[in-house]
């Protein structure tokens, strides 16, 4: 059994977060950004609706994502600056800091589904670019539910799992 870092409360990263369609994802849009909130663990990803990436992007869990709309119905998200602490899939496939992901999100089936396509390039990890596809179905679930990751998260059967994140001192 191979456990992903997500099972121990670590952020998933991009494009790995697209692999968990069971948990609701909420899309919030303002004039300057789209915010994706993944209900499990309350992970938040910001997609800024700007023209370009800032200079000297510091690697982070979800990288630096900029977005724009094509044809009025497709959100195109360009992401760079992803930390190498994340993986691109559920098999713990690593990547380098050169990982570049372009995602396309489009509502289909008369608003009943969301189609997500990710184009992945990383010449330091892959011999060729590749593309992944995910389809989400719309579910009216109500407000965002409280879901705490670190509860009941023990290591069973001697599996090699990531440690649960903790801080030696408060962030505030």
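FYI, it's all coordinate maths here, none of it is from the lab. Keep in mind that what you see is a predicted model, and the values were worked out from it rather than measured. Note that we place each Cβ from the backbone using ideal geometry, even for glycine, and neighbour counts take in every protein chain shown.
Here are some notes:
- Using the Cβ-Cβ distance between residue 58 and residue 130 with R0 set to 22 Å, the FRET efficiency from 1/(1 + (r/R0)^6) comes to roughly 0.25.
- With neighbour counts taken as other beta-carbon atoms within 10 Å, the residues 6, 58 rank, fewest first, as 58, 6.
- For the stretch 5-137, Kirkwood radius (reciprocal of mean inverse C-alpha pair distance, Å): 15.1 Å
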